[in-house]
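Read the structure below first, then the notes.
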Amino acid sequence: MKRDKVINRALSIFFTILSLAWIYPVFMIALNSFKKATAISTTTAFDLLTPETFNGLANYMHALNEQGFASAFMYSLIITVTSVVLILVCCSMCAWYVVRVNSKISNFFYYLFVFSMVVPFQMLMFTLSNLADRIGFNTPFNICFIYLGFGAGLAVFMFAGFVKNIPLEIEEAAMIDGCNPVQVFFKIVLPIMKPTYLSVGILETMWVWNDYLLPYLTLDSTKYKTIPILIQYFRGGYGHVELGPMMACIMMVVVPIVVMYILCQKYIIDGVVAGAVKG
Amino acid sequence: MAEIVLKHVQKVYPNTESKKKSFFGKKKKTEEKKHNLKVTEDGVLAVEDFNLTVHDQEFVVLVGPSGCGKSTTMRMVAGLEDITSGDVFIDGKRVNDVAPKDRDIAMVFQSYALYPNMTVYENMAFTLELKKVPKDEIDRKVRSAAEILGITEYLDRKPKALSGGQRQRVAIGRAIVRDPKVFLMDEPLSNLDAKLRNQMRAELIKLRHEIKGTFIYVTHDQTEAMTLGDRIVVMKDGVVQQIATPQEVFNHPANIFVAGFIGVPQMNFFDAQLVRSGNGFTVKTEDMNVALAPETCAQLALNWDDGNVKEITAGVRPEQILLADKGEEGALQGTVEVTELMGSTEHVHVTAPDGQFVLIIPVVDLEAKGALKAGDTIWFKFEKNATHLFDKVSGKNLI
């Protein structure tokens, strides 16, 4: 017992320090986003705020007024919403079908989906962006189909894990009660899977919202910029970097997603566990 | 109004299915159940040549041990399972290829299968809403069903806030509201505790007379089968063993399996010889010599082939064994192994030279003769005409 206590305490200390290491950069960004440009330099970046260096919300105003911020925000929003909705709708139906049909072919596809999680994005990003360019999937309005492909692995895996836990009798009862397969899915299975929708939705939202590489490679960057790309553009030419507004911009992008994560983390853990362990 | 006819119905699970499942390391319930069943070239034979006519407003119980194909048979009637060969008719209409929703049936599942996202009211109203029944009529039907089942006060609750018995009532309510031609019940009481099960069984009997439907009921519990059914279908390994009224099944079991399956504690079996002498027959063992009644003899004589002696398995129900006095005619001697007091009766396990016997002795009798304990020597005899005779090879009842 005593030994357990000691180990627990040591672990708590270790993980506290570790979490500080993760929080530290975010804290630094938050701190510097309120500083005057002159106060952000290699020597002063780590100083705490003083009345002299405090810049109020000026950096935030600058970032908001930056050319393209509003459109970047809109594009990010469009891409995130369309991609996540598409992933949720298609993958939940697909997972349900794969689990319930349970034939050789459907099993093959299930393992194919799971396998797709193993393939790193970097392996196929150039061929993919080239292909996307050729077939015109390079606008914020249809890039969601590419996200669907990349998000399907995890989403199908998680949904399938959950569907396996839904007793088949419930669906059979619905069939006897008068549902056709489509009604069984939308009236019975979908409401039961709500928690999984939430957790898959949150995971995919965080991924798509924060993603830099895929939109950077596929989107026509002269016309369309998402927020992560825009942040990169705060680095102007000739090594000039507007650090204050850049930090403010990062904060504005990070805060909504962090708040959403904190509010919904219970569902994320539930969903991941349902998929991974009980499946 | 609703008659169900099953003609030569068979169910074969293809072999590929079991192979595939083992390949992915999954073992499904259906597969585990299959091990006693016949395996043919096409696959595993789960139900073999099933013939039954369920008359209008009849209550038929399918009973048998786990994996005997009773649930599969019911699921074929429901349309949840494909029929490999044979036909199912509901009300004269062949329904083999009719979707479950179009068969006008209602089914109650062992696991209740309530929709967890809906309240009790919504659960019961769901099927009517799908049929686009007017709202006020739905309300009236749901409330009257809830009234019958005593669940009116729970209508606003979600299933997870209900106890097992209440959930089962909701499941039954969901079946009642739609006024189906046929009620199918797949072990509806198996998930309940013993006390609740007895209570619900009594309620089912009551309900059955109130709603006047045609019922097919699946259970592995022979008490449920005996008390609920107008007729019982006893199944084993996918094959029907006997279809008869509960009384008939109990008094004249078709074979040794039925005899052993129906009745608690089960029938006592022992090896014996059936000896013919002229028109009379006697059951003989080392220390027993029981002459059979003339009418039994007449029946035996009809099917008798050559020879005077036949090896048989004889059976006597525990409640048809009486305590006897030492030296009484036909009395057997045995040693008490275990006694189990059940309240008004005592189950006495006895070892005799002919085998193991279980006796059910009323406690009143024991009070007169003094309590029995392990190691005691007792004498017992069979009631007149209590002996069932089964062919040793085929297991068929000879009478």
| remark: Whole-Hz Karplus couplings 3J(HN,Hα) for the range B:352-367, θ = phi - 60° and coefficients 6.51, -1.76, 1.60, Gly and Pro as x, run 10, x, 7, x, 8, 10, 10, 10, 10, 10, x, 4, 4, 5, 5, 4
| query | Using 7 Å Cα-to-Cβ label points, what is the A:L168/A:S41 separation (nm, one decimal)? | reply | 7.3 nm
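Can you tell me, using C-alpha contacts under 8 Å and at least 6 residues apart, the relative contact order of the range B:73-214 as a whole percent?
It comes to 30 percent, rounded to a whole number.
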| request: Using amide H atoms built 1.01 Å from N in the peptide plane, name the residues 5+ places from B:K38, or on other chains, whose amide H lies under 5 Å from its own. | output: B:L45
| request: Evaluate E = 1/(1 + (r/R0)^6) for A:S71 and A:V119, where r is the Cβ-Cβ distance and R0 equals 35 Å; express this FRET efficiency to the nearest 0.05. | output: 0.60
| said: Quick check: from the Cα gyration tensor, does the range A:1-104 come out rounded (a/c under 1.5), prolate or oblate? | reply: oblate
| said: Apply the Karplus curve 6.51 cos²θ - 1.76 cosθ + 1.60, θ = phi - 60°, to the phi angles in the range B:215-222 and return the couplings in whole Hz, x for Gly and Pro. | reply: 10, 10, 10, 10, 7, 9, 8, 6
| query | Using only helices, what value at 222 nm comes out for the protein assembly as shown when you add -39,500 (n - 2.57) per DSSP H run of length 4 or more and divide by the total residues, to the nearest 500 deg cm²/dmol? | reply | -14500 deg cm²/dmol
| request: Could you work out, for the protein assembly as shown, what percent of all Cα-Cα pairs fall into each 20 Å distance bin, beginning at 0 Å and stopping at the bin that holds the largest distance? | output: 14, 32, 27, 17, 8, 2, 0
| Taking springs between alpha-carbon atoms closer than 10 angstrom, which of A:A132, A:A248, A:A173 fluctuates most in the Gaussian network model of chain A? | A:A173
| Can you put B:V98, B:V350 in order, fewest other beta carbons within 10 Å first? | B:V98, B:V350
| said: Just to confirm the filter: which chymotrypsin sites (Phe, Trp or Tyr not before Pro) across the range A:1-89 are DSSP coil and have at most 11 other Cβ within 10 angstrom of their Cβ? | reply: A:F46
| said: Rounded, prolate or oblate for the range A:2-61? Axes are the square roots of the Cα gyration tensor eigenvalues, ordered a ≥ b ≥ c, and the cut-off for rounded is a/c under 1.5. | reply: prolate
| remark: Restricting to aspartates and glutamates and to Cα separations under 16 Å from B:K212, and discarding same-chain partners fewer than 8 apart, the set is B:E3, B:D56, B:E58, B:D91, B:D104, B:D179, B:E203, B:D230
| said: What's the whole-number percent of alpha carbon pairs in chain B lying beyond 28 angstrom? | reply: 58 percent
| For B:M235, residues with placed amide H under 5 Å, excluding near neighbours | B:V63, B:G64, B:Q241
| query | Hey, which of these cross-link pairs are over 19 Å Cα-Cα: B:K284/B:K310; B:K284/B:K381; B:K11/B:K396; A:K187/B:K158? | reply | B:K11/B:K396
| message | Going 7 Å from the Cα of B:E319 along its beta-carbon direction, which residues of the range B:359-374 have the amide nitrogen within less than 14 Å of the resulting point? | response | B:359-363
| Shielding by partners - mean other protein chain Cβ count within 10 Å, residues of B:97-104 | 3
| request: Using θ = phi - 60° and the Karplus relation 6.51 cos²θ - 1.76 cosθ + 1.60, list the HN-Hα couplings for the range B:106-116 in order, rounded to whole Hz, with x at every Gly or Pro. | output: 10, 10, 10, 9, 4, 8, 6, 6, 7, 7, x
| Taking other Cβ within 10 Å of each residue's Cβ, how do B:Y112, A:Y212 sort, fewest first? | A:Y212, B:Y112
| Residues with amide H under 5 Å from that of B:R317, placed H, sequence gap 5 or more | B:N268
| remark: Quick numbers on the range B:247-399, Rg and Dmax over C-alpha atoms in Å, give 15.8, 49
| Ranked by Cβ crowding within 10 angstrom, fewest neighbours first, how are A:S103, A:S71 ordered? | A:S103, A:S71
| field | Computed lengthening from A:V81 to A:Y111, 0.36 nm per intervening residue step minus Cα-Cα distance | value | 8.1 nm
| So what are the radius of gyration and Dmax for the Cα set of the range A:65-278, in Å? | 19.7, 71
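A short reminder: the numbers here are calculations on the coordinates, not readings from a lab. Treat the numbers as computed from the prediction; the structure is a model and nothing was measured. Ideal geometry is used to build each Cβ from the backbone, glycine not excepted, and the neighbour counts take in all protein chains shown.
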